[in-house]
1. Among the listed residues 117, 134, 123, which satisfies the condition of being out of contact with any Pro (no Cβ under 7 Å at 6 or more places or on another chain), farther than 23 Å from residue 15 by Cβ and in contact (Cβ under 8 Å) with a residue 12 or more places away in the chain?
2. In this structure, does residue 68 turn out to be within 21 Å of residue 144 (Cα to Cα), β-branched (Val, Ile, Thr), touching a Leu at 6+ places or on another chain (Cβ under 9 Å) and touching a residue at least 12 places away in the same chain (Cβ under 8 Å)?
3. Taking residue 80 as meeting all but one of (1) at pLDDT below 95; (2) closer than 21 Å to residue 142 by Cβ; (3) touching a Phe, Trp or Tyr at 6+ places or on another chain (Cβ under 9 Å), write down the number of the exception.
4. I'd like to know if the range 185-197 contains one or more residues that are modelled with pLDDT of 95 or more and acidic (Asp, Glu).
5. I'm checking my understanding of the structure. Among residues of the range 6-57 that are touching a Phe, Trp or Tyr at 6+ places or on another chain (Cβ under 6 Å), without any contact (Cβ under 8 Å) to a residue 60 or more places away in the chain and farther than 15 Å from residue 142 by Cβ, which one is surrounded by the most Cβ atoms within 10 Å (Cβ to Cβ)?
6. Does the range 158-179 contain at least one residue that is part of a helix (DSSP H, G or I), in contact with a Pro (Cβ under 6 Å, 6 or more places away or on another chain) and in contact (Cβ under 8 Å) with a residue 40 or more places away in the chain?
7. Which one of these does residue 81 not meet: (1) without any contact (Cβ under 8 Å) to a residue 12 or more places away in the chain; (2) buried (at least 24 other Cβ atoms within 10 Å of the Cβ)?
Amino acid sequence: MEVGLLLLAAYLLGSVSFAVVASWLFNLPDPRTYGSKNPGATNVLRSGKKVAAVVTLLGDAGKGWLAVILANYFSQAWQLGNEAVAGVAIAVFLGHLFPIFLGFKGGKGVATSAGVLLGLDPLLGLLVIFTWILVAMLWRISSLSAMVAALLAPIYAFILFDSKINVWATTIISLLLLWRHKSNFINLAIGKEARIGEKSRL
């Protein structure tokens, strides 16, 4: 019963799209109507409103982090074990990808996955974020940065975690993130992928 409540709460929290919330707060068009049509920080940045993109980034990452931190607390209080925390990590990420509030059409999960991994292990999260930043500095392509970070995240997790369930949770999140970027992979292959900061016609 307790595990079910945690998973449901995590999914609903993940379903809150901060790209849509930030766009509403800053009087911007719905991010699903321009650019990549993805409700995420990179696409909000294409509106030209950097503050809205930062709010989106922090909100989407924050909900992933908060879900895992709360899961850690309640799993200890209710003696649920690492499996409950790993389940919550996946549930909040699935909420972002398939949000009930947006007709199950959500973002690609880059910021939320970073928040989740920071919650599971700060060093793991920082390594993944550093990987993203390094690739972004070299090539200025957000999707490429996300895919490289996703590929390396399970390796980092395998090195850092004693718990196999956390390695599996990280691997599942990474695979889902890579799957959500399949169209970006095609664009990269044909040289049509947008670069970070490119404005979109609204």
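The values are calculated or read from the model by the stated rules, or taken from the named source; none is laboratory data. The shown structure was predicted, so the numbers you read here are calculated from the model rather than taken from an experiment. Note: ideal-geometry Cβ built from the backbone for every residue, glycine included; neighbour counts use all protein chains shown.
1. When all the criteria are applied, what remains is 123.
2. The answer is no for residue 68.
3. The number of the failed condition is (2).
4. No, that holds for no residue.
5. The qualifying residue surrounded by the most Cβ atoms within 10 Å (Cβ to Cβ) is 52.
6. Scanning the range 158-179, I find at least one residue that is part of a helix (DSSP H, G or I), in contact with a Pro (Cβ under 6 Å, 6 or more places away or on another chain) and in contact (Cβ under 8 Å) with a residue 40 or more places away in the chain, so the answer is yes.
7. In the conditions (1) without any contact (Cβ under 8 Å) to a residue 12 or more places away in the chain; (2) buried (at least 24 other Cβ atoms within 10 Å of the Cβ), residue 81 misses (2) alone.
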